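So the structure is just underneath, and the comments pick up after that.
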Amino acid sequence: MTELLELNELTKVYKRGGRNFYAVNGANLSAGPGDFISIIGRSGSGKSTLLNISAGLLRPTAGTVLFEGHDIHCLSDKEASFLRNEKIGYVPQGQSLLSNFTVFDNVSIPWFLFKREGDVEGSVFILLEKVGMLSPHAA
Ligand SMILES: Nc1ncnc2c1ncn2[C@@H]1O[C@H](COP(=O)(O)OP(=O)(O)OP(=O)(O)O)[C@@H](O)[C@H]1O
Ligand SMILES: [Mg+2]
């Protein structure tokens, strides 16, 4: 059966001081629908690097990321952006919200990047409600 997400021997090597530094070294993971997975490790152990590669934001030095059976690093930039827009929710470690925009505008952005069917406003309110952020002051 095709897994939702499959990481195979993922490796990311950086050059530091002329030497190879393995930020991620041969990581494997298999995740199906509904799985809830925590990646735990001390600071600098490669958690963000692993997540960035898994979401197609960073290229691995070696290994593959299969999302629904497709290698996401073989997609074009536009195809990868579309996949993230439609199927991947990613909250980065650093600040990522656009501070001049309202909460409502920030959550609406995926609808404006790729045109979607349906009611934007209703969908945004449903998402905000799901995470307990639907208050008169939030939007
Ligand atoms: N662009 C880069 N060039 C060189 N080394 C890097 C680069 N990006 C990350 N690293 C190194 O790779 C290692 C893993 O970093 P990463 O940010 O993935 O760790 P982390 O587990 O997310 O840490 P934290 O818990 O502090 O968020 C660290 O030692 C970091 O310094
Ligand atoms: Mg991190």
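The values are calculated or read from the model by the stated rules, or taken from the named source; none is laboratory data. Since the model is a prediction, treat every value here as computed from it, not as a measurement. All Cβ positions, glycine included, derive from the backbone under ideal geometry; neighbour counts span all protein chains shown.
Here is how the numbers come out for the structure above:
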item	result
Enumeration of residues in segment 80-99 that are of a type in the set (Val, Ile, Thr) and farther than 17 Å from residue 58 by Cα	none
Meets criteria (within 16 Å of ligand 2 (Cβ to nearest atom), part of a strand (DSSP E or B) and surrounded by 11 or more Cβ atoms within 10 Å (Cβ to Cβ)) for residue 50	no
All positions within segment 105-126 that are exposed (fewer than 14 other Cβ atoms within 10 Å of the Cβ), in a helix (DSSP H, G or I) and hydrophobic (A, V, I, L, M, F, W, C)	109, 112, 113, 126
Residues of segment 103-124 satisfying the condition of being in contact with a helix residue (DSSP H, G or I) (Cβ under 7 Å, 6 or more places away or on another chain) and among the aromatic types (Phe, Trp, Tyr)	104, 111, 114
When residues of segment 53-78 are limited to those that are small (Gly, Ala, Ser) and part of a strand (DSSP E or B), the one surrounded by the most Cβ atoms within 10 Å (Cβ to Cβ)	63
Segment 1-21, residues that are over 24 Å from residue 70 (Cβ atoms) and either β-branched (Val, Ile, Thr) or surrounded by 13 or more Cβ atoms within 10 Å (Cβ to Cβ) (or both)	13
Some residue of segment 96-104 being assigned by TED's automatic domain parsing to the domain that holds residue 126, surrounded by 14 or more Cβ atoms within 10 Å (Cβ to Cβ), away from ligand 2 (no atom under 16 Å from the Cβ) and closer than 28 Å to residue 134 by Cβ	yes
Subset of segment 1-19 [within 16 Å of ligand 2 (Cβ to nearest atom) and in contact with a Gly (Cβ under 8 Å, 6 or more places away or on another chain)]	10, 12
From 89, 26, residue being surrounded by 11 or more Cβ atoms within 10 Å (Cβ to Cβ) and more than 16 Å from ligand 2 (Cβ to nearest atom)	26
Residue match in segment 24-43 (condition: more than 25 Å from residue 113 (Cβ to Cβ), in a loop (DSSP other than H, G, I, E, B) and polar (S, T, N, Q))	yes
Filter result (without any contact (Cβ under 8 Å) to a residue 40 or more places away in the chain, closer than 18 Å to residue 73 by Cα and hydroxyl-bearing (Ser, Thr, Tyr)) within segment 4-31	30
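Residues checked against (1) in contact with a Leu (Cβ under 7 Å, 6 or more places away or on another chain); (2) within 16 Å of ligand 1 (Cβ to nearest atom); (3) without any contact (Cβ under 8 Å) to a residue 24 or more places away in the chain:
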position: 33; (1), (2), (3): yes, no, no
position: 36; (1), (2), (3): no, no, yes
position: 39; (1), (2), (3): yes, yes, yes
position: 43; (1), (2), (3): no, yes, yes
position: 48; (1), (2), (3): no, yes, no
position: 51; (1), (2), (3): no, yes, no
position: 59; (1), (2), (3): no, yes, yes
position: 63; (1), (2), (3): yes, yes, no
position: 90; (1), (2), (3): no, yes, no
